[in-house]
1. Given a 1.4 Å probe and every protein chain left where it sits, what share in percent of the accessible area of the chain is carbon and sulfur?
2. Give me the angle, in degrees from 0 to 90, between the Cα long axis of helix 171-191 and the longest principal axis of the Cα atoms of the chain, rounded to the nearest 10.
3. Counting just the Cα atoms, what span does region 92-140 cover along each of its three principal axes? Round to the nearest Å and put the largest first.
4. Take the cross-link list Lys269/Lys293; Lys52/Lys87; Lys67/Lys227; Lys125/Lys341; Lys169/Lys269; Lys341/Lys374 and give me the ones stretching past 23 Å between alpha-carbons.
5. From the helices alone, meaning DSSP H stretches of at least four residues, give me the mean residue ellipticity at 222 nm for the chain, per-run term -39500 (n - 2.57), in deg cm²/dmol to the nearest 500.
6. Applying 1/(1 + (r/R0)^6) with R0 = 56 Å to the Cβ-Cβ distance of Glu265 and Met289, what FRET efficiency is obtained, to the nearest 0.05?
7. At 4 °C and a viscosity of 1.567 mPa s, what translational diffusion coefficient does Stokes-Einstein give for region 136-202, taking Rh as the Kirkwood radius over Cα pairs? Give it in µm²/s as a whole number.
8. Cα convex hull of the chain: mean projected area in nm², to one decimal?
Amino acid sequence: MLYTIPDYYHEFSCIAGECEDTCCAGWQIVADEAALKKYKKVTGSFRKRLRKSINWKEGTFKQDKNKRCAFLNDENLCDMYTALGEKSLCRTCKMYPRHVEEFEDVREMTLSVSCPEVARILLGKKEPVRFLTYESNKEEEYDDFDPFLYSKLVDARKVMINILQDRSKRLDLRVGLVLAIAHDLQVRIKREDIFSIDDVFEKYQTEKAVQFVEAKLSEDEDYAFIKKMFQNQYLMERLRDDWEPYLLEAESLLYGDAVCSGSEEQCTKYKEQYTKNKREFHTWLNTYMPDYKIQYEQLLVYFISTYFCGAVYDGEGYVKVQMAVVSVLLIHELLLAQWLKNEKTLEMEDVIDTVYRYSRELEHSDPNLNLMEKLMRRDLLSWFKKENDGDKEMDRH
């Protein structure tokens with residue numbers, strides 16, 4: 001069995017009650033069977049508390065009216081941990097914020113940025129992320145697993161991460177190249193032409209490809225597309241009650257009257273004000289937070305490294321890359337809104353807060369992840385959406 005971890009994996013240590021938030025509220029904690037069996041055998045003074053704090057039929061920890069775990073005390077510490085020790089924790093609580101993606105004979109372990117401390121570590125990291133591997137003697141086999149496709153996805157991911165971490169190029173150009181690779185790779189997956197995937201890697205690492213993608217980039221982003229992607233967040237299930245009010249406030253700050261029920265002139269004014277705010281925001285970031293593009297790079301690498309190879313199970317590599325790009329785009333929009341709310345200033349804590357809150361709503365809900373991918377299929381980000389293959393147009397240049 002091959003295990004892979006990012007190089008900052010062992011930097012994480014839970015700061016417990018010192019954390020500005022808690023991982024024991026806002027979502028349902030599911031206990032594994034082994035933990036439930038162990039809880040049934042507990043004796044002593046904590047036995048009664050255990051019995052009444054677990055939904056034994058559902059295998060979950062009960063919550064109070066504020067969606068806080070029944071074992072979470074007012075200091076944001078776990079009473080079960082205090083009473084019974086670390087070994088008493090269920091697998092969910094032991095693992096978080098560690099996240100595992102499983103493939104045949106491969107375990108890819110990451111740290112979720114839904115944890116504020118993990119977000120702080122990743123966003124504070126200046127050097128490109130590296131991935132470390134180690135082996136064990138354990139072996140597993142998965143039904144319907146295509147090892148050849150998986151190996152090509154791993155190769156593609158490595159190429160895309162190398163491009164994203166090439167800081168000699170502008171970030172938007174790096175993103176464009178990665179989207180182009182993912183698009184053309186998707187074409188070949190649908191054709192079942194996996195053997196030609198290596199051609200895609202070679203093509204988009206040439207100067208000709210760089211010039212082609214650069215020519216397609218626009219200085220002004222698509223206002224209607226960004227606004228629609230932002231509003232798509234309302235379609236997702238809410239894990240925390242404060243998320244929708246947060247989105248509504250941000251939307252108002254960003255786009256004015258979201259539905260723009262006024263005159264065409266008024267709608268144009270909203271768009272012009274948004275464009276002005278965004279340009280001023282970029283100027284401010286370059287002056288006061290010059291590492292923001294490194295932070296966006298780290299987030300793009302995080303999302304792609306975590307989810308892209310899952311395409312071995314559903315064949316949808318392109319939408320996973322789009323999800324990564326749109327997620328960073330939405331985080332950027334939320335930061336712009338926070339900057340406006342703060343009277344045109346930001347602190348590092350604002351960035352950390354935005355990242356971990358967004359991640360919690362998206363990454364800890366399978367329905368939300370599935371919906372995001374579905375929306376990517378409907379609202380393709382790149383300029384590669386054409387009736388014909390994107391390959392053909394570039395081949396003509």
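1. 48
2. 80
3. Taking the Cα atoms of region 92-140, the three principal extents are 36, 28, 14 Å.
4. Lys269/Lys293; Lys67/Lys227; Lys125/Lys341; Lys169/Lys269; Lys341/Lys374, as the Cα separations exceed 23 Å there.
5. Rounded to the nearest 500, the figure is -17000 deg cm²/dmol.
6. Numbers: r = 35 Å, r/R0 = 0.62.
After rounding, the FRET efficiency stands at 0.95.
7. Numbers: Rh = 13.4 Å.
Here the translational diffusion coefficient equals 97 µm²/s.
8. Values: hull surface 90.3 nm².
So the mean shadow area of the Cα hull is 22.6 nm².
The values are calculated or read from the model by the stated rules, or taken from the named source; none is laboratory data. Please read all numbers here as calculations on a predicted model, not as lab measurements. With ideal geometry, Cβ positions are generated from the backbone for all residues, glycine too; neighbour counts draw on all protein chains shown. To get the accessible areas, we keep the full protein, side chains included, count just its heavy atoms, and leave off ligands, DNA and RNA. Shrake-Rupley method; radii C 1.70, N 1.55, O 1.52, S 1.80 Å.
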